[in-house]
Ligand code: GDP
């Protein structure tokens, strides 16, 4: 191990914020030599990880995620917890700047010495962004943060990625006009361990009540994700800082319900799935990086598109060529 990585990991484990920032830069770097160093660093850090409460948070843009995280994070640091906020935002590449990276968001929390806010890496596809976020999660845990909030926008596939790296998935919903479930996809509702109906204040209060009832009814029709846990629906006002303490109570109740072994099993399954996702990604990258294969792939694609070859036969041919050159 190079001396600088050993030194960095020691400072990281000691909770040095500058070391954490450096570690994250290393983790997010795309340079091959940095990758190797990042892996060494994470291996060093690993025994110091896993002690945090890992919470995923999702909701459509405008539902009040940042307002909620600001209120909730501040509540938690007030209780003596150390809170890291990470983001998975695969749309950041398209928009050229991360939606979740806006510096003006969560101003109060950003100044809180017990909090650490890291926007989503500014480039990459979902798989890559999510993989880096997992690694960043390990780094913040090693640095002593005991609560990790992983935020994502309520669009696309990022919810599944976030649910797969956290202990508990929280959905934030804001009441809309008319159909109170509008904007929540069934697949996302199925991931939820807790639903917060935000903006339960002022003129929106009656709509929030209806939304909460509708969400509860919809949840009752779904298969439970964890034995013994039916996802509660809470009405909160992030803006007025109401109902926020109750959210933590539910999170603790969830953890008690799962128990240490339930949580351990969940994390083990997540780690195994992560390994295989990396194996798949690695194979695909190796495939894409092989010029001969790329040429053959193009030819086979043409054959498949023209209807001269079945897709499975083409796939088999390509794999054979790759595995037995
Ligand atoms: P995000 O896109 O999900 O991060 O949503 P924001 O936190 O940026 O909030 C979107 C808008 O909803 C902002 O104008 C907020 O002030 C407003 N908002 C957030 N939480 C509440 C709330 O609890 N009540 C009300 N009335 N407005 C809220």
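The values are calculated or read from the model by the stated rules, or taken from the named source; none is laboratory data. None of the values given here were measured: they were computed from a predicted structure. Please note: Cβ atoms are built from the backbone with ideal geometry, for glycine as well, and neighbour counts cover all protein chains shown.
Laid out as a table, the results:
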{"quantity": "Of the criteria (1) at pLDDT below 95; (2) closer than 30 Å to residue 37 by Cβ, which one residue 143 fails", "calculated": "(1)"}
{"quantity": "Verdict on residue 30 being surrounded by fewer than 21 Cβ atoms within 10 Å (Cβ to Cβ) and either touching a residue at least 12 places away in the same chain (Cβ under 8 Å) or in a loop (DSSP other than H, G, I, E, B) (or both)", "calculated": "yes"}
{"quantity": "Considering residues of region 192-211 that are in a loop (DSSP other than H, G, I, E, B) and either more than 16 Å from the ligand (Cβ to nearest atom) or surrounded by fewer than 18 Cβ atoms within 10 Å (Cβ to Cβ) (or both) only, the residue nearest to the chain's Cα centre (by Cα)", "calculated": "193"}
{"quantity": "Conditions (1) in contact (Cβ under 8 Å) with a residue 24 or more places away in the chain; (2) in a helix (DSSP H, G or I); (3) buried (at least 20 other Cβ atoms within 10 Å of the Cβ); number of the one not met by residue 231", "calculated": "(2)"}
{"quantity": "Any hit, region 72-89, residues being in a loop (DSSP other than H, G, I, E, B), in contact with a helix residue (DSSP H, G or I) (Cβ under 7 Å, 6 or more places away or on another chain) and touching a residue at least 24 places away in the same chain (Cβ under 8 Å)", "calculated": "yes"}
{"quantity": "Looking only at region 212-228, and only at residues there that are over 25 Å from the mean Cα position of the chain (by Cα) and part of a helix (DSSP H, G or I), the one that is farthest from the ligand (Cβ to nearest atom)", "calculated": "220"}
{"quantity": "Qualifying residue in region 239-249 (condition: more than 15 Å from the ligand (Cβ to nearest atom), modelled with pLDDT of 95 or more and assigned by TED's automatic domain parsing to the domain that holds residue 172)", "calculated": "yes"}
{"quantity": "Top-ranked residue in region 52-68 [being within 8 Å of the ligand (Cβ to nearest atom) and either part of a helix (DSSP H, G or I) or under 17 Å from residue 191 (Cα atoms) (or both); ranked as modelled with the lowest pLDDT]", "calculated": "60"}
